[in-house]
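Here's the structure, in structure tokens; my notes come after.
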Amino acid sequence: MTSEPYTPVIVGFLCNWCSYRAADLAGTARLTYAPTMRPIRVMCTARVEPQFVIKALREGADGVLIAGCHPGECHYVEGNIKALRRYTLLKQMLRQFGIEEERVQIVWAAASESKVLADAVDQMTLTLQALGPLRWRQTVLNGHGAEQAVRESADVRRAALAAQEVEGER
Amino acid sequence: MSEERVGVYVCHCGTNIAKTVDVQDVATWAAGQPHVTVARDYKFMCSSLGQEMVEQDIQEQGLTRVVVAACSPHMHEKTFQGACERAGLNRFMFEMANIRELNSWTTKDRESATQKAKSMVRGAVERVVHHRPLDMLPVPINPNTLIVGGGIAGITAALDIANAGYHVYLVEREPSIGGHMAQVDKTFPTLDCAACILTPRMVDVGQHPNITLLSYSELEQVDGHVGNFTVRVRKKARFVNEALCTGCGDCIEKCPGKTLDEVFEVGLGYRKAVYKPFPQAVPKYPVIDTESCIFFQRGKCKACELVCPTHAIDFTQKDEYLQLQVGNIILATGYDLFDARTIPQYGYGRLANVFTSMEFERMVNAAGPTDGQIVLRDGVTPPKSVGIIHCVGSRDKHYHEYCSRVCCMYSLKFAHLIHERLPDTEVYNFYIDIRASGKRYEEFYHRVLEEGTHFIRGRVAEVTDAARMPGEEGKLIIQAEDTLIGKQRRIPVDMVILSTGVQSRHDSHEVAQLFGMGCDFNGYFIERHPKLDPVLTMSDGVFIAGACQGPMAIPETVAQAGSAASQVISLISQGTLMMEPIRARINPDKCSGCRICNNLCPYHAITFHADRKVSEVITAMCQGCGACVSACPSSAITGAHFTAQQVMSQIEGILWDVRETIPLMAR
Ligand SMILES: Cc1cc2nc3c(=O)[nH]c(=O)nc-3n(C[C@H](O)[C@H](O)[C@H](O)COP(=O)(O)OP(=O)(O)OC[C@H]3O[C@@H](n4cnc5c(N)ncnc54)[C@H](O)[C@@H]3O)c2cc1C
Ligand code: FES
């Protein structure tokens, strides 16, 4: 992790109906893209808890990509809108953590849009290369001290709750 | 957890995976990972030998979980779940790592592909140890079927299902069923008269005891899922009481309101304000069009009411809303015609004697506005020469890149019909390629060639009335490059027919959205698989048939309709369908009664028990999206097979090589 050319690690949460299929199609169509994304299938982007994203970053990922159906096309009507709302709040929290916003991205890729998905991975890989490794430990823990981190993980919880309340109003 | 015994199987998929991923290395490595009892690699895991290997290991090695690293779960998850089941292991004690579509096919970098494969395997292993046995959920199938669109596709599917003894609701937007086929005269390549083969089937639909025909109706809303959909239909006011009307047609005859028929006669003929689109319309009841009705516009007239012998005219009729319960749905909404005005250089709408293909179909039709006479726009003069321009709007980057598949053949049909009716008239077909690939199509092409039609190969640049040379005065001049002789040609003709292509319905995206399915870039509904599942969609219980899936002629349309019908019949005859039990469940002991989840559920599947102050998921209505699971502040909701523990463990697994050990305190 010094001056070696650095290959970022991205955790990709792909919704079962659009983006996982877009990824499948990217393979079937033999689109070449960076082998940096490690996929996790979820039924819908709405299933992606903010805690999953934090977990991935804390466990060593340099970035997280959430990919789902286009607004209006979610298999479950508007799960992706719920995901988008959570994501917006999550970004605020990341800022408080001292984590660059670009490390977590959301993209809409329909089942036919293999290219959109592949490009998103490539693009994000470049972005992360420019940012450098995340190094959660130094950035978040050592930056503020462990005590602070504990307090902030309470913040995570509170912000998550806030996100849910906004949703609950609808 | 440590007593779990996981078997890992890494597939070569011939060379599809093995070429890019060092599968042996992955298997050897996997054998040393936590929980793993046995790890193997094999040429084709999905083969019967591969499956037997898994079954044997489950039994002999006492495996409690299985991971297969191979292709997409959308391809073979069910296959291996079956193998687990056969060996006595619950099908959900299985996880697939997609190292083909999501890995080996997307890179040439062997080292990182192998590393990524290891991560995916490790993720799957960490996840699978947290899997719980689940039972499939039986869902009863409502035996009623909804068919949307009453063209030849919808008609065929409706009759097939109704004849099998099941009830069908056929919803058609126009006053009559029949679709585009009712407009055409003869059908290529056999030249059967369309009406002669279509009308008997239309009548069968109208009279079938198992078919409820809802014409002049639109879909408003669709809820539910396979086996149990609730559909709201708006039956537009006809202003004619169907229970009283005998279809005698006296009202039509006496109606003084006359208007251009833009729909069925594509603007070539007129109809009354109270009308049936065509004489053989099914159902036989006319419709009053309020736009052209003198009473609706000026408050006076009611001539129809006066003459109706059964007092069936009802000016006070209102739109009616119906709620239908159905188990399956077939979409057969067909296509729209390409608008010839989009290409101004061909002169449609500006030069009187430029016609569209559908106008010509109506013109040659004996029941059409000219009684089958081929005449110029003046209504009397037969043309001495006709130019037919193929591929208008199709195979053209500026409009539709795809081939409309029917234009070549109907253009040949037109050439033949002109020769038949006007033997002295010259016919010129301007084409890019002749696409005559159907059964007996090529033979038909040869027949037209022998009849003396001139074929000019090349795209037409323009149609103009500006004469430049002797013999061009008063004519339409077709300017085209003849690519066979490599020369520009100007052919003066009396009549031009534009063989306009077909395109998806203008509202196909909205319709698709009602059903939670997708359209391709051209607006046609997306099939589940272009080769193997052409009539299935990504939405279970929703099928597609005919030209709404892509351009096609009548034979393919009918074949697809039959296929969709048999899919539906097979589901109905099973009676119940086994659904994946990926559903949410609320632990009442943990639920705080905050009700945040209640409004989040898009299916209204969560009820609140005010007495106990807890929410509950109605399993039959839950679709398993997980929105409520992620939102519950008390972590009281579990999403079966996508629990937080399972996903968290998978995250740890896929990041096995980059994990930093974090002090316990911060965890
Ligand atoms: C000029 C021309 C000539 C042709 N000649 C031939 C020929 O000779 N031989 C041949 O094999 N093929 C021919 N074809 C092709 C033929 O027309 C099609 O294959 C066939 O009509 C497709 O049938 P369909 O039922 O899929 O669609 P359609 O005929 O388009 O029927 C769809 C029906 O659905 C209804 N509908 C649409 N949307 C909704 C909605 N949202 N709600 C309710 N109802 C709805 C429509 O009103 C219509 O009745 C020709 C095509 C053209 C353009
Ligand atoms: S199912 Fe794809 S985002 Fe909801």
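The values are calculated or read from the model by the stated rules, or taken from the named source; none is laboratory data. Note that this is a predicted model, so its numbers are computed, not measured. Cβ atoms come from the backbone with ideal geometry, glycine included; neighbour counts cover every protein chain shown. The area values use the complete protein model at the heavy-atom level, side chains included, leaving out ligands, DNA and RNA. Shrake-Rupley method; radii C 1.70, N 1.55, O 1.52, S 1.80 Å.
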Could you list, in sequence order, all residues of the range B:422-481 that are open to solvent by less than 60 Å² (accessible area, probe 1.4 Å), under 23 Å from B:Ser404 (Cβ atoms) and in a loop (DSSP other than H, G, I, E, B)? B:Ile432, B:Asp433, B:Ile434, B:Ala436, B:Gly438, B:Thr453, B:Gly458
Within the range A:25-75, which residues are within 11 Å of ligand 2 (Cβ to nearest atom) and assigned to a loop (DSSP other than H, G, I, E, B)? A:Met43, A:Cys44, A:Val48, A:Cys69, A:His70, A:Pro71, A:Gly72, A:Glu73, A:His75
Would you say A:Ile54 is among the β-branched types (Val, Ile, Thr) and within 24 Å of B:Ser635 (Cα to Cα)? yes
Those residues of the range A:76-115 which are away from ligand 2 (no atom under 12 Å from the Cβ), assigned to a helix (DSSP H, G or I), hydrophobic (A, V, I, L, M, F, W, C) and in contact with a strand residue (DSSP E or B) (Cβ under 7 Å, 6 or more places away or on another chain), in sequence order: A:Leu90, A:Leu94
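Given the structure, is B:Cys591 away from ligand 1 (no atom under 16 Å from the Cβ) and crowded, with 21+ Cβ neighbours inside 10 Å? I'd like the intermediate steps shown before the answer.
Details: away from ligand 1 (no atom under 16 Å from the Cβ): yes; crowded, with 21+ Cβ neighbours inside 10 Å: yes.
Yes; evaluated as a whole, the condition is true for this residue.
Being within 16 Å of ligand 2 (Cβ to nearest atom) and open to solvent by less than 10 Å² (accessible area, probe 1.4 Å) narrows it down to one of B:Ala512, B:Ala565, B:Ala545, B:Ala561, so name that one.
Working: B:Ala565 fails: within 16 Å of ligand 2 (Cβ to nearest atom); B:Ala545 fails: within 16 Å of ligand 2 (Cβ to nearest atom); B:Ala561 fails: within 16 Å of ligand 2 (Cβ to nearest atom).
Step by step, each of B:Ala512, B:Ala565, B:Ala545, B:Ala561 is checked, and only B:Ala512 is within 16 Å of ligand 2 (Cβ to nearest atom) and open to solvent by less than 10 Å² (accessible area, probe 1.4 Å).
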The condition from (1) more than 14 Å from chain A (Cβ to nearest Cβ); (2) under 19 Å from B:Phe642 (Cα atoms) that B:Glu95 misses is numbered (1)
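How many of the residues in the range B:484-500 are open to solvent by 60 Å² or more (accessible area, probe 1.4 Å) and either of a type in the set (Asp, Glu) or assigned to a loop (DSSP other than H, G, I, E, B) (or both)? Outline the logic, then answer.
Restricting attention to the range B:484-500, the residues satisfying the condition of being open to solvent by 60 Å² or more (accessible area, probe 1.4 Å) are B:484-485, B:487-489.
From what is left, the residues that are either of a type in the set (Asp, Glu) or assigned to a loop (DSSP other than H, G, I, E, B) (or both) are B:484-485.
The total comes to 2.
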Tell me which of these B:Gly653 doesn't satisfy, since it passes every other one: (1) over 30 Å from B:Thr537 (Cβ atoms); (2) within 8 Å of another protein chain (Cβ to nearest Cβ); (3) not hydroxyl-bearing (Ser, Thr, Tyr). (2)
Collect the residues in the range B:117-135 that are more than 7 Å from every other protein chain (Cβ to nearest Cβ) and open to solvent by 10 Å² or more (accessible area, probe 1.4 Å), keeping them in residue-number order. B:Lys118, B:Arg122, B:Glu126, B:His130, B:Arg132, B:Pro133, B:Leu134, B:Asp135
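I'd like to know if the range A:14-29 contains one or more residues that are among the acidic types (Asp, Glu) and open to solvent by 40 Å² or more (accessible area, probe 1.4 Å). Reasoning before the result, please.
Just the residues of the range A:14-29 that are among the acidic types (Asp, Glu), to begin with: A:24.
If we keep only those that are open to solvent by 40 Å² or more (accessible area, probe 1.4 Å) as well, we get none.
No, the range A:14-29 contains no residue that is among the acidic types (Asp, Glu) and open to solvent by 40 Å² or more (accessible area, probe 1.4 Å).
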The range B:615-642: number of residues that are within 12 Å of chain A (Cβ to nearest Cβ), open to solvent by less than 20 Å² (accessible area, probe 1.4 Å) and away from ligand 2 (no atom under 16 Å from the Cβ): 2
Of all strands (runs of 3 or more DSSP E) completely enclosed by the range B:561-658, which ones contain at least 3 residues that are without any contact (Cβ under 8 Å) to a residue 40 or more places away in the chain and not assigned by TED's automatic domain parsing to the domain that holds B:Gly327? B:606-609, B:614-617
How many of the residues in the range B:101-116 are more than 7 Å from every other protein chain (Cβ to nearest Cβ), in contact with an Asp or Glu (Cβ under 8 Å, 6 or more places away or on another chain) and closer than 20 Å to B:Glu77 by Cα? 0
Is it the case that B:Gly150 is part of a loop (DSSP other than H, G, I, E, B) and at positive phi? no
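Scan the range B:153-170 and give yes if some residue there is in a helix (DSSP H, G or I), among the charged types (D, E, K, R) and either surrounded by fewer than 24 Cβ atoms within 10 Å (Cβ to Cβ) or not assigned by TED's automatic domain parsing to the domain that holds B:Cys13 (or both), otherwise no.
Pass one, the range B:153-170, residues in a helix (DSSP H, G or I): B:153-163.
From the residues that got through so far, the ones that are among the charged types (D, E, K, R) too are B:160.
Checking the rest, the ones that are also either surrounded by fewer than 24 Cβ atoms within 10 Å (Cβ to Cβ) or not assigned by TED's automatic domain parsing to the domain that holds B:Cys13 (or both) come to B:160.
Checked against the condition, which is being in a helix (DSSP H, G or I), among the charged types (D, E, K, R) and either surrounded by fewer than 24 Cβ atoms within 10 Å (Cβ to Cβ) or not assigned by TED's automatic domain parsing to the domain that holds B:Cys13 (or both), the range B:153-170 yields at least one hit.
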Only one of (1) more than 14 Å from chain A (Cβ to nearest Cβ); (2) modelled with pLDDT of 95 or more fails for B:Pro470. Which number is that? (2)
